[in-house]
Amino acid sequence: MKSEIFTLTGVRFLAAFSILVFHIDMRWPLSSNVYLKNIISQGAVGMTLFFMLSGFILAYNYADNSINFKKYIVNRFSRIYPVYILLSIISIPWIGINFTDASFKNLFQIITLNFINLFALQAWFPNLFNYWTFGGTWSISVEIFLYVMFPLLVNLAKNFTKKHIALGVVLLCIISALPGLTTYLFSPPQFGVFYAMPIFRLSEFIIGIFLYKLYILKIRVPYPNIFLFVSTLTFFTYLALFGSELPQYIGHNFIVIPYIALILYLVAAEKTFISSILSSRAFNFLGRISYSFYLLQIFVLLYLIDNRDFIVEMIPLLSNNILLLICVTIILIISSTVCYYYVEERYRVIIKKIADSPQINKNNVKRFFQGS
């Protein structure tokens, strides 16, 4: 296994935190300043960063070796499902179905939601985003689709030259901008179709794979610190001025996708002024717990939506939305740390041991449910 690119581990937490800030601000505004609000309102770009980063990291770990499909699937399954199942269980009160209704339709709704949840198919059904955790876990559904596609994609790109890759990145940036462009120019589809449906996130993932190909070719960026500073200043100035002008969080893809691709490459390949921060022990740790941080925020937000008035009554200071964000962040870091060590890592090891056994027998299954 290759050594870890610590700066990219730190980037994972920035993506997860931007999503939290975005979700808090949607319900409890963090600023009345129109320019800052425009920037925060586009925090959903953290999802684009997740998918692009996922393509890069998978290519980094697997692209230079033949993929053992069984081990690859087990690794991906053991990485995603333990915390995902935990979230599904603790969020049952928000499933959106009346369990006391014994009608056939109600029973079939429960069975359908559980089937979709078990196989992580929710991103394909945006009409169900108001049920259970589907409005947040659609990204897991997208990730699984991208994981399945990865072996095929990386094999197709194996012999691509530098020119092929450069042309591919440009073409994929254009493809990624088309949903936002068509939404602006014509009638928009149901929310979630362009934003969450896996096929419309595929181009971002492939860009991540191509960025890795450029990384191993050691393509140098002249004056990386200047590039990083100027591009970041330009990007956030644009969002501050026009963040609220285009719809459905994908309207700005024509600038979001190239910017994230550039930043991701600079952070991975060059020594920049933020490299030492992102590769620090603190950010490395936060990056490791970022998956639990991202998923557990869904539960915390569901609880807050139902109980914030009561919480503010008990703790009046939390009527300040910035203090609320700080408090939620601290709670999530603590709970995500526990979840990372006792659920994510523990069951990842157990699942791999079961998968590596010559035969999955009753003792294997018993050890899994006992957590030992």
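The values are calculated or read from the model by the stated rules, or taken from the named source; none is laboratory data. It should be emphasised that the depicted structure is a prediction, and the values quoted were computed from it without experimental measurement. Cβ sites come from the backbone with ideal geometry, for glycine too, and all protein chains shown count toward neighbours. All accessible areas refer to the heavy atoms of the entire protein, side chains included, with ligands and DNA or RNA removed. Shrake-Rupley method; radii C 1.70, N 1.55, O 1.52, S 1.80 Å.
Yes/no per residue for (1) among the acidic types (Asp, Glu); (2) farther than 30 Å from residue 255 by Cα; (3) not in a helix (DSSP H, G or I):
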{"position": "11", "(1), (2), (3)": "no, no, no"}
{"position": "32", "(1), (2), (3)": "no, no, yes"}
{"position": "64", "(1), (2), (3)": "yes, yes, yes"}
{"position": "70", "(1), (2), (3)": "no, yes, no"}
{"position": "74", "(1), (2), (3)": "no, yes, no"}
{"position": "82", "(1), (2), (3)": "no, yes, no"}
{"position": "100", "(1), (2), (3)": "no, yes, yes"}
{"position": "110", "(1), (2), (3)": "no, yes, no"}
State yes or no: is residue 179 in contact with a helix residue (DSSP H, G or I) (Cβ under 9 Å, 6 or more places away or on another chain), modelled with pLDDT of 90 or more and over 19 Å from residue 269 (Cα atoms)? yes
The lone condition residue 158 fails out of (1) assigned to a helix (DSSP H, G or I); (2) within 30 Å of residue 355 (Cβ to Cβ); (3) at pLDDT below 95 is (1)
Go through the stretch 296-319 and give me each residue that's farther than 16 Å from residue 332 by Cα, open to solvent by less than 70 Å² (accessible area, probe 1.4 Å) and either touching a residue at least 24 places away in the same chain (Cβ under 8 Å) or not in a helix (DSSP H, G or I) (or both). 308
Condition test on residue 25, is it of a type in the set (Asp, Glu), more than 11 Å from the chain's Cα centre (by Cα) and under 24 Å from residue 239 (Cα atoms)? yes
Look at residue 124 and say whether it is at pLDDT 95 or above, open to solvent by 80 Å² or more (accessible area, probe 1.4 Å) and within 27 Å of residue 26 (Cα to Cα). yes
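Rundown of residues vs (1) open to solvent by less than 80 Å² (accessible area, probe 1.4 Å); (2) in contact with an Asp or Glu (Cβ under 7 Å, 6 or more places away or on another chain); (3) of a type in the set (Phe, Trp, Tyr); (4) touching a residue at least 40 places away in the same chain (Cβ under 8 Å), yes/no style:
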site: 137; (1), (2), (3), (4): yes, no, no, yes
site: 140; (1), (2), (3), (4): yes, no, no, yes
site: 152; (1), (2), (3), (4): no, no, no, no
site: 163; (1), (2), (3), (4): no, no, no, no
site: 181; (1), (2), (3), (4): no, no, no, yes
site: 190; (1), (2), (3), (4): no, no, no, yes
site: 193; (1), (2), (3), (4): yes, no, no, yes
site: 198; (1), (2), (3), (4): yes, no, no, yes
Residues of the stretch 229-285 classified as part of a loop (DSSP other than H, G, I, E, B), touching a His at 6+ places or on another chain (Cβ under 8 Å) and surrounded by fewer than 20 Cβ atoms within 10 Å (Cβ to Cβ), total: 1
